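Encoded as structure tokens, the structure appears first; notes follow it.
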Amino acid sequence: MLRLARPLIAALTLMAGVVSPAAQAAVPTSAGPLLWTAPGAIDSSAIDSVACPAKNVCVAVDRAGRVLWSTNPLGGTRRWLAARVDAGNELSAIACPSTSLCVAVDAAGNVITSQNPTGGQSTWTVAKIDSSPTEANSDNTGPVLLRGVSCPSAGLCVAVDGAGNALVSTDPAGGAAAWTITHADTNRTHGCGGAGLACQPPLVGVSCPTIALCAAVDFSGNILTTQNPAVPGPWSSAPTAGNQLSSLWGVSCPVVGFCATVNGTAGRAITFNPAAPASQRQRSLPDGLYGIWCQSASLCLASAHTQAGVSGLLGSYNPAAPTSTWSLSSLGGITAVACPSAAMCVAVDGEGEVAAGLTTHAIERLLRTDLLRTRHLPTIAALDRTPQQKFVLTSPIPARVTLVWTVPGAVRGAPVTIASGNRDFGIPGTGPLTLRLTTAGVRRFRAATKRLTVTATATFTTGTGSLRTVSSRTFTHPPKPKKHRRKRRR
């Protein structure tokens, strides 16, 4: 998980003209791949990383040495708690292979671990595992030592630092003695004429889909891989931009066979198989990309700065496709994303805020299942007697859900609303939505002799956008009972 150091963020702000959060709202919303709640503040400092080992557990770290956690991460800002566990240091990344182990790293070379990450300050311990110098790093980001950590299991964690080193432990909570350090990156900064640390590109992210495979990226555009991270020694290296100047900003390998990285101002999303990193697929996008997080090979999210200087979150359902489709959300300033399930994600930003997201695929299923099913429709006669229809629906995130029935109008086919209803979910939950016929709707149903076909439109709206799903529904009169002739008596 990549952490953007303060001097580098300042440089990006001047270079890209990043606008204020109020101006960010002008970014057009997207129908995919996620809709997000409006960000809510849970911290007074920038949050650098978040991990969600389960649907009901998310843990984040900030630049003031605090850990933040929630056992209901989709339930709003009041569901988050915080504790200072690393006073005086900036926590840069966190990984949680399970709900009973979280491993964080900081800018001073410490590892901070807990086997009860939602238990408060006393459950966290700090151990010094890296003393490498960093003041001369080629990316000029200052003394930011440990920059990423990945734990594919409770029995293996791998961290990377700004001096090209990988730190590995098979007992990550076992203290400093349980960690070993090896120089993994033998590359040199592009065009650097010096020697030693001055020309050493820092490793800025690591991701291990299994205990037998890890990928890292450096700030000179190289992908580093190993199939045995516990064995000391240099990692294999593959460039992403030939001999040209480039810089990679984080890496995400959610499954074996798929990794993704991005290269900053060049605006390229790069996907590859970590077993064969030299074979890459690069997708050029019009925005600068400064971090990427993938839930699977079919869902990736990237922090972006547009050419207009606006911060947003790009998402794709097909990131590895030759012409992958990326959509821009107005959710901006994102520093990390974690997805506790295939349908839900949690994002944190540089303003100390958190937002919850639901995939548009999941929203589509929800609306069609709860509001647009054609089975068990009431009859026209039933709606004539009771001009309303009740639905029960569940929203996993705060949202406003609206349902409208329309029929073509007499004038130029303009639709006429014959029924409408809505429900606001301030918090996730299950509740009723009552759809009531309008006066025009009552007339149309009473006038229908056999059947009436209406268009049902369900809309799911969050703080950053909306998704609309349309379906056709046909209502009929109940069949008339058959008249039975009485037999004549002979």
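The values are calculated or read from the model by the stated rules, or taken from the named source; none is laboratory data. Just so it is clear, the structure is predicted and the values come from calculations on it, not from any experiment. Cβ: placed from backbone, ideal geometry, glycine included. Neighbour counts: every protein chain shown. Remember, those area values only see protein heavy atoms, side chains included, never the ligands or the DNA or RNA. Shrake-Rupley method; radii C 1.70, N 1.55, O 1.52, S 1.80 Å.
Scanning the range 353-371 for residues that are without any contact (Cβ under 8 Å) to a residue 12 or more places away in the chain and more than 18 Å from T261 (Cα to Cα) turns up at least one hit.
To keep it simple, each residue is scored yes or no on (1) of a type outside the set (A, V, I, L, M); (2) modelled with pLDDT under 95; (3) under 20 Å from V61 (Cβ atoms).
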position: L145; (1), (2), (3): no, yes, yes
position: V149; (1), (2), (3): no, no, yes
position: P152; (1), (2), (3): yes, no, yes
position: A159; (1), (2), (3): no, no, yes
position: G191; (1), (2), (3): yes, yes, no
position: I211; (1), (2), (3): no, no, no
position: D218; (1), (2), (3): yes, no, no
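Looking across G315, G333, one residue alone is of a type outside the set (A, V, I, L, M, F, W, C), under 19 Å from the mean Cα position of the chain (by Cα), open to solvent by 20 Å² or more (accessible area, probe 1.4 Å) and under 26 Å from C52 (Cα atoms). It is G333. Within the range 61-78, being open to solvent by less than 20 Å² (accessible area, probe 1.4 Å) and of a type in the set (V, I, T) holds for V61, V67.
Would you confirm, using the coordinates I've provided, whether A198 is touching a residue at least 60 places away in the same chain (Cβ under 8 Å), open to solvent by 30 Å² or more (accessible area, probe 1.4 Å) and small (G, A, S)? Even if it seems obvious, please write down each step before you answer.
Values: touching a residue at least 60 places away in the same chain (Cβ under 8 Å): yes; open to solvent by 30 Å² or more (accessible area, probe 1.4 Å): yes; small (G, A, S): yes.
Taking the combined requirement at face value, the residue satisfies it.
Taking the conditions (1) at pLDDT below 95; (2) open to solvent by 10 Å² or more (accessible area, probe 1.4 Å); (3) over 20 Å from N263 (Cβ atoms) in turn, T306 satisfies each one other than (3). Please verify whether P209 is under 27 Å from G315 (Cα atoms) and open to solvent by 10 Å² or more (accessible area, probe 1.4 Å), treating the condition exactly as stated. Yes; evaluated as a whole, the condition is true for this residue.
Is it the case that some residue within the range 373-384 is part of a strand (DSSP E or B), touching a strand residue (DSSP E or B) at 6+ places or on another chain (Cβ under 6 Å), surrounded by 14 or more Cβ atoms within 10 Å (Cβ to Cβ) and on the phi < 0 side of the Ramachandran plot? So that I can check it myself, show each step before the final result.
If we filter the range 373-384 for residues that are part of a strand (DSSP E or B), which is where we start, we get none.
For the range 373-384, residues part of a strand (DSSP E or B), touching a strand residue (DSSP E or B) at 6+ places or on another chain (Cβ under 6 Å), surrounded by 14 or more Cβ atoms within 10 Å (Cβ to Cβ) and on the phi < 0 side of the Ramachandran plot: absent.
For E351, the criteria (1) farther than 30 Å from T226 by Cβ; (2) surrounded by 21 or more Cβ atoms within 10 Å (Cβ to Cβ); (3) at pLDDT 95 or above hold in every case but one, which is (2). Is at least one residue of the range 253-272 buried (at least 22 other Cβ atoms within 10 Å of the Cβ), within 18 Å of the chain's Cα centre (by Cα), at pLDDT below 95 and assigned to a strand (DSSP E or B)? No - not one qualifying residue is present in the range 253-272. A Cβ distance below 8 Å, combined with a sequence gap of six or more or placement on separate chains, defines the contacts here; from the range 324-340, residues that are free of Cβ contacts under 8 Å to residues at least 24 places away in the same chain and within 19 Å of T271 (Cα to Cα) reach no residue that is open to solvent by 30 Å² or more (accessible area, probe 1.4 Å) and part of a strand (DSSP E or B). Of the candidates V392, V416, V442, V407, the single residue that is free of Cβ contacts under 8 Å to residues at least 60 places away in the same chain and either of a type in the set (F, W, Y) or closer than 30 Å to R78 by Cβ (or both) is V392.
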